[in-house]
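What follows is a single structure, written as structure tokens, with notes after it.
The values are calculated or read from the model by the stated rules, or taken from the named source; none is laboratory data. The structure presented is a predicted model; accordingly, all values stated were derived computationally and were not measured. So basically every Cβ, Gly included, is an ideal-geometry build from the backbone, and we count neighbours across all protein chains shown. Remember, those area values only see protein heavy atoms, side chains included, never the ligands or the DNA or RNA. Shrake-Rupley method; radii C 1.70, N 1.55, O 1.52, S 1.80 Å.
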Amino acid sequence: MQPIPTALIAPLFNPATFAVRGAVDELLTTVRREYPLAVAEVPGYDPHWIVSRHADIQEVSRHNDLFRSAERSATLIPQAGEALVRAYTGGDPNLFRSLVQLDNPEHKEYRRVLFQALASQSVTRWETGIRRIARAQLAKLDAAEGAIDWAKEISAPYPLQVVLDAIGVPIEDHPKILRLTQWLFSWADPDLCRPGTDPANPAQQPQTWKIVFDELDDYFSSVLAERRAHPRDDLVSLIANAEVMGAPLEHVRAISYCAILATAGHDSTAHTTASAMWELAENPALFAALKADPSRLPAFVEEGIRWAMPVKHFVRSASTDTTLAGQAIRPGDLLYLSYPSGNRDESEFDAPFQFRLDRTRNRHVGFGYGGHVCLGQHLARLEMRILWEELLPRLTAVEMAGSGRLICSEFVSGPKSVPVRYRLN
Ligand code: HEM
């Protein structure tokens, strides 16, 4: 197959495209139809296969031995950016070494450290605490008297508090973690980026990521040391005191473990809840259906994840000669997994551009798939269900009170503003 025309695909590599509602969907619909598995040659980047179909995303994700995460950057980065990362790390293509940047056998061992603690039957132990946080956050709706920016005031702070409590970060440090998360994932967004950022400079993203890594390293190094001395009932104590292959976790990997929980552990949940509210406010039939039958709430949460797809991609590199959907893949080839595309794939989902509560089989790839599938998925589902359970019985009307706004980011992003007008009973 021919490479994808650069004019068509280059916007996918540009954070600004993700801030324009519908732009990425339109681009990816064309890619799925005309270039379902083809190479993008975008100036400044190594060539990437764009994996746009649901089935191919699952196929790549299922074979972690063939399609690896550690040998090249696990996320999209320009060549100049990758060179800078290698200079920072002494040759490693990834600044962070969290689970998403590990391969087996290491990956399995590190994943085991928190697997039990985040399993579906375990996360329910946090339910009472989460419900308390949800009620406290939703009390802002009473105080705001009918109009609020849902994204800023509720969907961002709520999962932040949930996950940081579970990790064991004290409340006075939550604003610092939120700021670092925004710098990391929204490095190119004019409202959320680190002050002084120039998104046009390809060195900017790794420079920002390095600053964030160093701050998180400082912060979590002392928390880990403290928990080694005085373990508590929290996730950071498990990381601090675990053994992997007969030894404590290696330093960069332990810091990165804390970092992924403390950043991805709330940002993607926040974007999902913000997108779901945006849809509710614009779709009165959906709101009425949910009000009429609260037993559809789990379906609403699940469809909300398919709908929001806050994680826009991960990148894998091929370890050997293989074929994918009939195409020859060479060792070292890079594959860009487009979760937004997989979640709108017409061959997997009926009416993919409709938010539906009646999907009988919702096999979305919003949480990824295979060996790296989201470790926090059960916590994410639980906290989203609790928030809506607390809100919906009281919410009698909701509509947009202005234009929603999306974050400018090619990796993890969603709405930064969802102004709504509402009535409560
Ligand atoms: C709606 C919310 C969330 C979404 C959409 C989401 C999405 C994702 C995606 C797409 C991946 C990559 C999977 C792959 O490569 O196949 C991932 C991995 C991961 N997520 Fe989430 N996530 C969410 C919430 C959370 C939460 C709440 C936590 C922490 C408690 C978390 C922790 C992780 C971790 C540790 C990984 C790495 C797993 C691995 O590589 O083995 N996520 N997530």
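The residues listed here are VAL42, VAL20, VAL60; of these, the one that is more than 27 Å from ARG111 (Cβ to Cβ) and open to solvent by less than 20 Å² (accessible area, probe 1.4 Å) is VAL42. Filtering ALA247, ALA203 for residues that are more than 19 Å from the chain's Cα centre (by Cα), among the hydrophobic types (A, V, I, L, M, F, W, C) and modelled with pLDDT under 95 leaves a single hit, ALA203. May I ask you to verify whether ARG421 is more than 10 Å from the ligand (Cβ to nearest atom), among the basic types (Lys, Arg) and over 17 Å from THR272 (Cβ atoms)? In short, yes. Applying the condition of being touching a residue at least 12 places away in the same chain (Cβ under 8 Å) and more than 6 Å from the ligand (Cβ to nearest atom) to the range 371-381 and asking which residue is least open to solvent (accessible area, probe 1.4 Å) yields GLY371.
Taking first residues from the range 119-147 that are under 21 Å from ALA281 (Cα atoms) and partners that are basic (Lys, Arg), the Cβ contacts under 7 Å between residues at least 6 apart in sequence or on separate chains come to GLY146/ARG421; GLY146/ARG423; ALA147/ARG421. For ARG86, are the conditions met, namely being open to solvent by 20 Å² or more (accessible area, probe 1.4 Å), without any contact (Cβ under 8 Å) to a residue 24 or more places away in the chain, under 30 Å from CYS258 (Cβ atoms) and not in a strand (DSSP E or B)? Against the criterion (open to solvent by 20 Å² or more (accessible area, probe 1.4 Å), without any contact (Cβ under 8 Å) to a residue 24 or more places away in the chain, under 30 Å from CYS258 (Cβ atoms) and not in a strand (DSSP E or B)), ARG86 qualifies. How many residues does the range 229-259 contain that are surrounded by fewer than 17 Cβ atoms within 10 Å (Cβ to Cβ) and in a helix (DSSP H, G or I)? Total meeting the criteria: 3. Looking only at the range 117-175, residues that are surrounded by 15 or more Cβ atoms within 10 Å (Cβ to Cβ) and over 20 Å from TRP388 (Cβ atoms) come to 7 in all. Can you work out which of the residues in the range 60-80 that are more than 10 Å from the ligand (Cβ to nearest atom) and of a type in the set (D, E, K, R) is nearest to GLN207 (Cα to Cα)? Among them, the one singled out is ARG72. In the range 415-424, the count of residues that are out of contact with any helix residue (DSSP H, G or I) (no Cβ under 9 Å at 6 or more places or on another chain), free of Cβ contacts under 8 Å to residues at least 60 places away in the same chain and on the phi < 0 side of the Ramachandran plot is zero.
For the range 253-273, a residue qualifies if it is near the ligand (Cβ under 8 Å from one of its atoms) and free of Cβ contacts under 8 Å to residues at least 60 places away in the same chain, but none of them does. Whether a residue is surrounded by 14 or more Cβ atoms within 10 Å (Cβ to Cβ), charged (D, E, K, R) and within 13 Å of the ligand (Cβ to nearest atom) was assessed, and ARG97 passes this test. When the residues of the range 1-36 are filtered to those that are part of a helix (DSSP H, G or I) and of a type in the set (Lys, Arg), the one that is farthest from CYS408 (Cα to Cα) is ARG33. Just so you know, in the range 117-169 the residues that are assigned to a helix (DSSP H, G or I) and among the acidic types (Asp, Glu) include one that is farthest from the chain's Cα centre (by Cα), and it is ASP142.
The condition (being in contact with a helix residue (DSSP H, G or I) (Cβ under 6 Å, 6 or more places away or on another chain) and of a type in the set (Gly, Ala, Ser)) is satisfied by just one residue among GLY332, GLY326, GLY304: GLY304. Out of ARG394, ARG361, ARG405, one residue alone is under 29 Å from PRO36 (Cβ atoms) and over 15 Å from the mean Cα position of the chain (by Cα). It is ARG361. In the range 274-367, which helices (runs of 4 or more DSSP H) lie fully inside it and hold 3 or more residues that are out of contact with any Lys or Arg (no Cβ under 6 Å at 6 or more places or on another chain), open to solvent by 10 Å² or more (accessible area, probe 1.4 Å) and within 16 Å of the ligand (Cβ to nearest atom)? Here the list reads 297-308.
Cβ separations smaller than 6 Å between residues 6+ apart or across chains give the following pairs from the range 204-227 residues that are farther than 18 Å from PRO190 by Cβ to residues that are β-branched (Val, Ile, Thr) and part of a helix (DSSP H, G or I): PRO206/VAL85; ASP217/ILE255; PHE220/ILE255; VAL223/VAL236; ARG227/VAL236.
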